[in-house]
Structure formats: structure tokens, C-alpha cells
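J.: Okay, here's the structure, questions in a sec.
The values are calculated or read from the model by the stated rules, or taken from the named source; none is laboratory data. What you see is a predicted model, and the numbers here were worked out from it, not measured in a lab. Cβ sites come from the backbone with ideal geometry, for glycine too, and all protein chains shown count toward neighbours.
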Amino acid sequence: MAKRSTILRNWPKYLLQWGVLAALIVFITGIIPSEEAVDPETYCPMGGLQALATYLANNSLPCSMSSVQVMMGIALVAAVVLFSKLFCAYICPLGTVQDLLGKARNAMHIKGIKVRNGSVLDKVLRIVKYALVFWIFYMTVNASELFCKNLDPYYAVATGFKGEITLWMSIVSISVVVLGSFFIDMFWCRYLCPLGAISNTLKFWVWIGVLFGAYYVADVLGADIPWAVLLGGFCIVGYLLEVFHAKPKLQILHVMKDQAACNNCGLCMKKCPYHIDIKSCVNGKVDSVDCTLCGECVAACSTGALKVGVSRKCKGGFWKFVPAVLTVALIAFGMWAGGKFELPTIDMEWGIENVAEDGTVTQVVDPSTLQTLSIDGLRSVKCYGSSMAFKAKLQKIAGVYGVKTYVKRHAADILYDPAKTTPEKIQEAIYVPSKFRVQTPDPAATDSLKVVTIRTEGMYDKMDINYLGMQMRLTGKKIYGLETEFACPLIVRVFMDPSEDLDEDWFEEIVEKETLDMPVHGGGTKAMELNYKFEDYEGVTGTVSTEEFIRNMFSPFRVQWKSRIEEAGDKTQYVYEIVDKNYEKPIILRNMPFLSNHLSRFDGVIGVYLDLNKDLQPAIQIRYADPMTEEKLWELMTMETWTITYKKDDVREEPAKLSFKTPGTSYEYTE
């Protein structure tokens, strides 16, 4: 009965805890279908704090992080500094799981292991979470990837062990959480949780402010102190304050105690998840660093001696709802604020200043003369890695000096000198002419195709032509392919059957469709938002032979070795050919370098190709001569393990990248 009354009297906490856990289970398991994949890190404040640290250190965000995660991290900081560890008490699913594990242990009448607060063992174990904070943040900032994903038990379970995890780390961390928390109350939170270490440290925010202030002053004075030193200082100061002081004084909210009403029964300490010695608090408030304002002690107190508030004068009835309400309000604020702005994934400049070996700085370009070109719709700019690839391309353009990328809206702000380049030249330099095959025409039915040219805007990403082609495929018209050529507006050539008669209005309607219902693997469709603009219709601008079109739309792979050609000399050479219509799929092209790498280790292999044969059928072709044979080639290609040479000293045995079911045939090679 006591357990039931505790839950009922502290229902705001359980409502939030179990509600969050239930929501995660529902969305992660797919009980409620969603067109968008659920990202377990979307609202995680730990990821937000790592993202913020990376942004401050490198002017970049870790891959997939956004302003929402950053604002959730800031909301957590505000909650800890002003109130307490509300996220830990009311939201964190790991805290909920630990609470349930403790209840399960008690229900099974298994005696837990007691680690007394303040004991030598307790102080030693608390070091671990600070070591994890340093390790995780150091690795994250250096790589601009959330390193915590490698070992976060929540992330591993939420992704079904399919996320960016290191399997052995995830298994170890999950085992530690389950076993440790089953036998020791709140084991993960007290001794291992990096977010718990950060939250405990932030409770002593004045000291942390002094630490960051000293680092800032040193930087202003010219001391080049690595950011890792600041990180190490944060961890060391946090640990020392937690174990030797453990009583932060500057929070607004506390569990308040009426000493006169207390009967010293000890039930509050027993019910406290962290077993804080509440009955020994004599200053009118519970100021332990471990306190999360979870309200369990207040709900358990039978005399009304405990309540949540800012002073002993607060009435308990209203104030017991305040922590839960504040938690919801701060999360709502973080989500709202995160949606109001977007931090750039990278914010980098180059070439504006020249730093000599002696440290002398010479200004190469006057920053006041630089202008910004904003480009939207860059769908290939979708993470830190692709942002850096985009930056590398821009660095090759004369007159460009910086870039900010925004992966959420696939956009970029490019800093350039108008005296050296123009927006049109920049767009032309970064644009990659694209082509997309809508369907394959039958050469027996028609020997030529007509070409219709249209002009569009908002299609400067290499993927845009694919999406427009998919729109046309869904109409069922005899449209066979598209290709683009840079111009302002963009030139789009549409290859179609001579019998199709499609006018300007039809093309405008297709181009300006706002969404594409794109089929997805496993069935169903995904609505993708588009924002293309139809500018002009030039009509029929030419014809092309069907064979030329088919060959132009196919992406071949060709590699051959000059030394092997010379070795073959006057030997008769052959081509081993395997034909399969599926070889036109992009995944085959991506894996051809692995096949050629594997086969290149064997004498007699002269070249490896993916191309259309004389019948316009996709085929993998192996050029070879003695001592290689057709039978030996088939044996090598169907091995379960391929030997791949990445570097001279990096040779790996890896599972075969391609599978072959039907042997091919050989014919004599001719130039």
C-alpha cells in the first residue's frame, strides 16, 4: 500500500517518466507508422551539449546535429543552474529503467548492494563518469561525430543495434546498466552517466564560471591554451566539488524540510533513489549534489515535513507540481527556440589572412568588400562530411573565401569577392551536370528519340534531376530520360518517344509539383518536398538515336593495367562476360572497384569493366589471357571472401561485395 500511495502522491513524475518511455517504445518499434525515420538523438541534451562544444571549438556541428539538439542542451543547463537535475528525474529513459530494475529486485526479495554516499568506494566510483565526459567530448570535438553513440546504451537499444555503434562498447554499457542498476540503486546515474557528471558540475556554476572566465582572459592575453585543457579542468573541478563539497547553494528550488514536523522515521532516505540522508539535513533544505527534485521523499513523508519550494514558507500543495511543469516548459522552449534558427554545420573562412612563420598576420583581402551568395536546395549537403566536401570544392574557386552550410534546409552561404568572381561563375563551378534514366526505350520499337528542352530554377543539386525524373516516371508517359547543362536558368533536356506530344502547360505542372510521392524500400511512399520553378519551354530542339541515348545514360566502369597488357604481348586475349539487367543499378557500379582490386592480384587478369555489350545489355566483363582461365575467373569471382588492398601495408580479407549465380561466357578480345 505504501508503494501505491507513493506513486499516486508523486504522479507528475511517473506520468512524465512512463509517458516518455512509452512514447519511445511506440515510435521506435513502429507501432505507430511514421513516414519519417525516428532519430533517437533528436531531443537528447547530451548530444546537444556535444554539438555546442564542437561548434565553439571548431565552428562546426557534429554530423546530423541541429539547433534543436543544441537548444535542448542549453535548456538542460538552464534547468540545472536554476532548479536542479530535472531531466534526470522526469525525462531520462535510463533513469526510468533503473527505477524499474530496483522495483523488480525488491519484488523478487533480492538484497541489493549498498554503497554509502561519501564512502571511499563511492568517491572512487564517481571518478568514472568524469573520465567518460573527457573521453566522449574529446573524441567528439576532434572528429565532429557524436562519439557517445558508440557506447550509449539508450542509443544502441533505440536503434536496434543498427545505429552508429561500436558493438562491444554497446553490449558492455547495456550489461553494466542492467546488472549494475539491478544490484546498486541508480548505479548508472551515480557512477557512469556523463550527463550526470555534467549536471552535477553545473550545480556549482559559480566555480565553473570562474574557470571559463580565466580561460577566456588567458585567450585574450594571447595564451594559446588548447581547448582540451579547459575540458580537463571542467572534469577535475567538477569531480572535486562533487566528492568534497557536494552541497551546492545557489539553486532556486529545493526540497525544504520542517524540522519540527519530522519524526526521524528515515522513510524519506529509504525512498530517495540516491539514498540522500535527508533526515540529517538541519538547515531547512536538502542541498545534496545528487538531488534531482524527483519528489519521492516528499511523497513518502507521512508527517508533511518535506515539500518542494524556494523557502520553508511555500505551501506544498502547489509547489509539488512545479518541477514537472518546469521540465515540460523547458523542453517546449528548447523545441520552439531550436526551430526558430539554425546553426551552420560548418562556418569556415580561408585565404583572407596570411600568417607567416613568425606569427605576422597580413590581410590578403579586405573583409568589408566581401559579399554573400545564398544557395538553397543543395540536397547533397546533408551532414558534416558532405559539408566538408562542398567546402573543398569551393576552395578551388578563385575569389571564394568562406562558407556556412545549413544541413536542415540544405543551404549554403558562400563568401566571395565580387571583384574576382560572380554568383553565376560560382554556381557553374559547383554544379555537376546530371542525367537520369526514367526508363529504357526498346531499340526495336523506335530508332530515335526527340529532345525537348525546358528551363528551370531551384535545381542546382545533383539529386534534383532524379526527383524530377521520378515525377515524370509516375505519369506513365513515354519519357525515357533527362540531362542537365548549367545555365541561368538551368537547361534540362527531356528525351521522349516521338509519338508523345506534351505541351508547355504539362511540363510546368510537373516541374512545379510541390511534393514527390517517392516509393520506398519495403512498400509505401515517402512524401518529399520540392521547390522547383518552371522558367521556359523551348520545344523540340533535336533528336538522338536510341542506341546513343542508352549508351549515354549508362555509367560505365573501366580499369585496366598497362603492365598486364604489356605482359600479355602476343598472347590471345579473351573477355569473360556476365550479362544481367540488374547491373545497371548504382550499387553494382559502387562495388566494381572492389571486384577489380580483388582480381588484380591474380596473373592474367588484364582489365575489369562494367559496360553495355553489343546488344546494349549491361554486363560485367573481365579481360584476361594465359595463365588465367574462364574456370579460374568464375572461382575467384564467387569466393565468399575477397582480398582487398587499400594501401601497401593495409590488406584486408572482407566479405564479397558482389554475388554471381550464373556463370558467364568467353569470347576473343578484339581492339
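J.: Collect the residues in region 546-582 that are more than 18 Å from residue 441 (Cβ to Cβ), of a type in the set (S, T, N, Q) and in contact with a Lys or Arg (Cβ under 8 Å, 6 or more places away or on another chain), keeping them in residue-number order.
T.: Correct list: 560, 573.
J.: Could you say whether any residue in region 161-172 is under 29 Å from residue 97 (Cα atoms), in contact (Cβ under 8 Å) with a residue 60 or more places away in the chain and either part of a helix (DSSP H, G or I) or among the hydrophobic types (A, V, I, L, M, F, W, C) (or both)?
T.: No - not one qualifying residue is present in region 161-172.
Let's see how each residue does on (1) modelled with pLDDT of 95 or more; (2) within 38 Å of the chain's Cα centre (by Cα):
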residue	(1), (2)
486	no, yes
489	no, yes
495	yes, yes
501	no, no
506	yes, no
511	yes, yes
514	no, yes
518	no, yes
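J.: Filter the strands (runs of 3 or more DSSP E) completely within region 436-551 down to those with at least 2 residues that are under 17 Å from residue 378 (Cα atoms) and in contact (Cβ under 8 Å) with a residue 24 or more places away in the chain.
T.: Hits in region 436-551: 448-457, 479-485.
J.: Please enumerate the residues belonging to region 520-544 that are β-branched (Val, Ile, Thr) and modelled with pLDDT under 85.
T.: Within region 520-544, 520, 525 qualify.
J.: Continuing with this model, one more query. Being touching a residue at least 40 places away in the same chain (Cβ under 8 Å) and part of a helix (DSSP H, G or I) narrows it down to one residue among 243, 217, 237; which is it?
T.: None of the others qualify; the one that does is 243.
J.: If we keep just the residues of region 286-339 that are in contact (Cβ under 8 Å) with a residue 12 or more places away in the chain and of a type in the set (D, E, K, R), which is nearest to residue 126 (Cα to Cα)?
T.: That would be 290.
J.: Now a separate question. Taking only region 165-187 into account, find how many residues are more than 22 Å from residue 88 (Cβ to Cβ) and surrounded by 15 or more Cβ atoms within 10 Å (Cβ to Cβ).
T.: Number of matching residues: 3.
J.: Within region 604-629, count every residue that is crowded, with 19+ Cβ neighbours inside 10 Å and charged (D, E, K, R).
T.: Matching residues across region 604-629 total 1.
J.: Follow-up question, since we're still on this one. Is it the case, given these coordinates, that residue 73 is under 24 Å from residue 337 (Cβ atoms) and either surrounded by 15 or more Cβ atoms within 10 Å (Cβ to Cβ) or not assigned by TED's automatic domain parsing to the domain that holds residue 230 (or both)?
T.: It is true that residue 73 is under 24 Å from residue 337 (Cβ atoms) and either surrounded by 15 or more Cβ atoms within 10 Å (Cβ to Cβ) or not assigned by TED's automatic domain parsing to the domain that holds residue 230 (or both).
J.: Take region 275-298 and flag every residue that is surrounded by 20 or more Cβ atoms within 10 Å (Cβ to Cβ) and closer than 18 Å to residue 96 by Cα.
T.: 290, 291, 292, 293, 294, 295, 296, 297
J.: Out of everything in region 539-566 that is of a type in the set (D, E, K, R) and surrounded by 14 or more Cβ atoms within 10 Å (Cβ to Cβ), what residue ends up being farthest from residue 625 (Cα to Cα)?
T.: Checked region 539-566; the qualifying residue farthest from residue 625 (Cα to Cα) is 547.
J.: Moving on to the next point. Residue by residue through region 340-358, note down the ones that are in contact (Cβ under 8 Å) with a residue 60 or more places away in the chain, in a loop (DSSP other than H, G, I, E, B) and either of a type in the set (A, V, I, L, M) or in contact with an Asp or Glu (Cβ under 8 Å, 6 or more places away or on another chain) (or both).
T.: Listed by number, the residues that qualify are 343, 344.
J.: Restricting the first residue to region 376-398 and requiring it to be in contact (Cβ under 8 Å) with a residue 24 or more places away in the chain and buried (at least 16 other Cβ atoms within 10 Å of the Cβ), which pairs with a second residue that is in a helix (DSSP H, G or I) and of a type in the set (Val, Ile, Thr) meet a Cβ separation below 8 Å and a spacing of at least six or different chains?
T.: Final answer for the pair search is 390/430; 394/426; 394/430; 397/426; 397/430.
J.: Here is a list: 144, 170. Which entry is touching a strand residue (DSSP E or B) at 6+ places or on another chain (Cβ under 7 Å) and over 27 Å from residue 123 (Cβ atoms)?
T.: On inspection, the qualifying residue turns out to be 144.
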